[in-house]
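*Asks:* I have a structure here, written as structure tokens, and I will follow up with some questions on it.
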Amino acid sequence: MKRWIRWAGWLYPAEWRMRYGAEFDVFLNDAPLRWRDLGDVIRGAALMQMTSWMTYWKMALLAGFAGAIIAGGIAFAIPNRYVCTATLALEDNSGTSRLQMAGSLQKIFFAILNRDNMIALILDPQLDLYKKERERLTVEQVAADMFRKNVFVVPYEMGTPGVQTFRIVFSYPDRHKAQQVVARLTQEFIEKELKLGSNGSTLEVLEPPVLPEKPTSPVRPAIALLGALGGSLLGLVSLAIFRRMQTYAVVTMSIPKDTKRFVDSQIAAGPYRSISDYVRELIRADEQRHK
């Protein structure tokens, strides 16, 4: 037991060990020790370290390290998400305006991504999308809240008259299924355009869906870095608050009557307004003697 407590004594600041190390060793040799005394020594060392001005960088380092570990654990718990895209071009040589082409494209989009078609894609045995989510939600909720929010049709201009270009984008944790869904939607766009499109319009696949190699999210190094910065900031703020509380701590002392009369006489004769002023002056004098 004494050996453990003696080792725990090395957790105290070097200044404390230089001033009180000998008395501490004498106390260990004479006092009856228990296991809870070890906890008291460790707790006292932690408080002493937190009240030392030399530990701000240590607190920032330790809290930042802890924050990075916590944030990294959370980041690795978040599943990867892969984004797959396909680029298509709707061309019309019959003189149709861009506004009419955009309306035609929107009509095809709503025909493909209606509720029944999304449910059919989710329940397709070859895709079997959102399997875990369907265990706690209805397939209608999954279609509206998850599938629909991860699929996009993004139109953009290429500067070619009579051509409306757009991308089909889908995000999913499984990169193979992400590619399969985009390929299925691309095929359905072509089929719907043949049924709903006007004469003279053609839909061409400029860039077919390619199997994504790397996930787009989460960016785990960035999350770990934010965790480290947040942990360091939280540690510094906590240490500053702790020291401020310690600075303004209230100390209650009981002193003998003779000592009380002596202190009162010192206050009456000296430039002290209260006992607190007198005690603070004694503390300052003691600090100066030990510097």
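The values are calculated or read from the model by the stated rules, or taken from the named source; none is laboratory data. In this text the structure is predicted, and so the values were computed from the model without any measurement. As a convention, Cβ positions derive from the backbone with ideal geometry for all residues, glycine included, and neighbour counts pool all protein chains shown.
Results for (1) modelled with pLDDT of 80 or more; (2) outside any loop (DSSP other than H, G, I, E, B); (3) aromatic (F, W, Y), shown as yes or no for each residue.
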position: V205; (1), (2), (3): yes, yes, no
position: E213; (1), (2), (3): yes, no, no
position: G230; (1), (2), (3): yes, yes, no
position: V251; (1), (2), (3): no, no, no
position: D258; (1), (2), (3): no, yes, no
position: V263; (1), (2), (3): no, yes, no
position: P271; (1), (2), (3): no, no, no
position: V279; (1), (2), (3): no, yes, no
position: I283; (1), (2), (3): no, yes, no
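*Asks:* In contact (Cβ under 8 Å) with a residue 12 or more places away in the chain and closer than 30 Å to E91 by Cα, is that true of L211?
*Replies:* Yes, satisfied.
*Asks:* Which residue is surrounded by the most Cβ atoms within 10 Å (Cβ to Cβ), if the candidates are limited to region 110-133 and must be among the polar types (S, T, N, Q) and not in a helix (DSSP H, G or I)?
*Replies:* N114
*Asks:* Does R43 satisfy the condition of being among the basic types (K, R), under 30 Å from F109 (Cα atoms) and either surrounded by 16 or more Cβ atoms within 10 Å (Cβ to Cβ) or modelled with pLDDT of 70 or more (or both)?
*Replies:* No: the conditions fail for R43.
*Asks:* Which residue pairs have Cβ atoms closer than 6 Å, lie 6 or more positions apart in sequence or on different chains, and pair a first residue in region 65-83 that is over 29 Å from Q180 (Cα atoms) and in contact (Cβ under 8 Å) with a residue 12 or more places away in the chain with a second residue that is of a type in the set (A, V, I, L, M) and in a helix (DSSP H, G or I)?
*Replies:* If the second residue must be of a type in the set (A, V, I, L, M) and in a helix (DSSP H, G or I), the pairs left are G67/A228; A68/A224; A68/A228; A71/I223; A71/A224; G72/A224.
*Asks:* Can I ask one more? Can you tell me which residue within region 134-181, out of those that are surrounded by fewer than 16 Cβ atoms within 10 Å (Cβ to Cβ) and small (G, A, S), is farthest from K214 (Cα to Cα)?
*Replies:* G159
*Asks:* From the list V151, V83, V163, which residue is modelled with pLDDT of 90 or more and more than 30 Å from G230 (Cα to Cα)?
*Replies:* Numbers: V83 fails: more than 30 Å from G230 (Cα to Cα); V163 fails: modelled with pLDDT of 90 or more.
Testing whether each residue is modelled with pLDDT of 90 or more and more than 30 Å from G230 (Cα to Cα) leaves just V151.
*Asks:* Among residues belonging to region 28-39 that are in a helix (DSSP H, G or I) and loosely packed, with under 13 Cβ neighbours inside 10 Å, point out the one that is nearest to the chain's Cα centre (by Cα).
*Replies:* Looking at the filtered set, the residue picked out is G39.
*Asks:* While we're here: Here's a check for you: in region 9-40, which residue that is over 26 Å from L236 (Cβ atoms) and among the aliphatic types (A, V, I, L, M) is modelled with the highest pLDDT?
*Replies:* This residue is M18.
*Asks:* Additional query: Answer yes if at least one residue in region 190-202 is on the phi < 0 side of the Ramachandran plot and part of a strand (DSSP E or B), and no otherwise.
*Replies:* Taking every residue of region 190-202 in turn, at least one turns out to be on the phi < 0 side of the Ramachandran plot and part of a strand (DSSP E or B).
*Asks:* Any chance you could count how many residues in region 109-162 are touching a residue at least 24 places away in the same chain (Cβ under 8 Å) and under 27 Å from the mean Cα position of the chain (by Cα)?
*Replies:* Qualifying residue count for the region: 3.
*Asks:* On to the next question. Restrict the check to region 147-161 and report whether at least one residue is assigned to a helix (DSSP H, G or I) and more than 21 Å from P218 (Cβ to Cβ).
*Replies:* yes
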